[in-house]
């Protein structure tokens with residue numbers, strides 16, 4: 001089975017994906033790290049030197065490359081991946097694939113992201129928490145229509161990382177029966 005985790009930046013797709021893959025003895029792929037390895041550059045540098053349009057183009061190319069792989073895996077996407085090109089449609093039509101939207105409360109998400117914004121090119125310039133929350137609210141509203149196309153929506157707002165991991169494992173195992 002192929003499992004794809006999607007959701008807004010900062011929800012924990014990479015951490016939970018790595019834990020889920022380990023628990024299920026599957027390969028773990030983080031799309032951003034995959035792109036960085038293929039391009040021999042950080043996401044931040046790709047955005048800075050080649051721009052977002054170039055990034056979105058190669059993001060789709062590498063996503064399709066991964067989805068065409070015959071092996072099973074857990075894949076964590078970038079927050080914008082489902083939104084661009086035909087990516088969500090490609091995910092939805094891939095055989096033996098389970099897509100899961102990791103949903104996190106706006107307030108929790110905003111607080112978490114504001115603390116780590118310097119690591120993320122899209123939000124690094126925000127210094128005002130209120131302006132930042134407004135950006136996240138609007139951005140999330142625009143993206144959720146794609147996120148909600150996932151096979152499963154998993155609300156993790158009231159769960160710690162271990163509880164989220166256990167819930168995710170249970171969910172995947174129940175789908176696999």
Point to revise | Set 129, 106, 102: member being crowded, with 16+ Cβ neighbours inside 10 Å and either within 28 Å of residue 61 (Cβ to Cβ) or touching a helix residue (DSSP H, G or I) at 6+ places or on another chain (Cβ under 9 Å) (or both) | key: 102
Practice item. From 41, 85, grab the single residue that is in contact (Cβ under 8 Å) with a residue 12 or more places away in the chain, in a loop (DSSP other than H, G, I, E, B) and either surrounded by fewer than 17 Cβ atoms within 10 Å (Cβ to Cβ) or touching a strand residue (DSSP E or B) at 6+ places or on another chain (Cβ under 7 Å) (or both). Key: 85
Check your understanding: Considering only residues of the range 48-64 that are crowded, with 17+ Cβ neighbours inside 10 Å and touching a residue at least 24 places away in the same chain (Cβ under 8 Å), which is farthest from residue 94 (Cα to Cα)?
Key -> 56
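Of the residues 113, 122, only one is surrounded by 16 or more Cβ atoms within 10 Å (Cβ to Cβ), within 15 Å of the chain's Cα centre (by Cα) and not in a helix (DSSP H, G or I); which? Show your work before the answer.
Details: 113 fails: not in a helix (DSSP H, G or I).
Residue meeting the stated conditions: 122.
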Check your understanding: With respect to the numbered conditions (1) assigned to a helix (DSSP H, G or I); (2) touching a residue at least 60 places away in the same chain (Cβ under 8 Å); (3) farther than 23 Å from residue 36 by Cα, which one is the sole condition not fulfilled by residue 67?
Key -> (3)
Review point. Does residue 58 count as more than 25 Å from residue 124 (Cβ to Cβ) and within 17 Å of the chain's Cα centre (by Cα)?
Key: no
Practice item. Would you mind telling me which numbered condition in (1) touching a strand residue (DSSP E or B) at 6+ places or on another chain (Cβ under 9 Å); (2) farther than 21 Å from residue 21 by Cα; (3) touching a residue at least 60 places away in the same chain (Cβ under 8 Å) residue 109 fails? Key: (1)
Check your understanding: Restricting attention to the range 159-175, and to residues there that are out of contact with any helix residue (DSSP H, G or I) (no Cβ under 9 Å at 6 or more places or on another chain) and touching a residue at least 24 places away in the same chain (Cβ under 8 Å), which single residue is farthest from residue 112 (Cα to Cα)?
Key -> 175
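Considering only the range 10-32, state which residues are without any contact (Cβ under 8 Å) to a residue 60 or more places away in the chain and more than 14 Å from residue 65 (Cα to Cα). Before the answer, list the steps.
Initially, the range 10-32 is screened for residues without any contact (Cβ under 8 Å) to a residue 60 or more places away in the chain, giving 17-18, 21-22, 25-32.
Hits for the range 10-32 are 17, 18, 21, 22, 25, 26, 27, 28.
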Practice item. Quickly run through the range 23-36 and pick out the residues that are in a helix (DSSP H, G or I), surrounded by fewer than 16 Cβ atoms within 10 Å (Cβ to Cβ) and at pLDDT 95 or above. Key: 33
Practice item. Please enumerate the residues belonging to the range 137-158 that are in a helix (DSSP H, G or I), surrounded by 14 or more Cβ atoms within 10 Å (Cβ to Cβ) and either free of Cβ contacts under 8 Å to residues at least 24 places away in the same chain or in contact with a strand residue (DSSP E or B) (Cβ under 7 Å, 6 or more places away or on another chain) (or both). Key: 144, 147
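The values are calculated or read from the model by the stated rules, or taken from the named source; none is laboratory data. Values in this document were obtained by computation on a predicted structure and should not be read as measured data. No Cβ is skipped: glycine too gets one built from the backbone with ideal geometry, and neighbour counts run over all protein chains shown.
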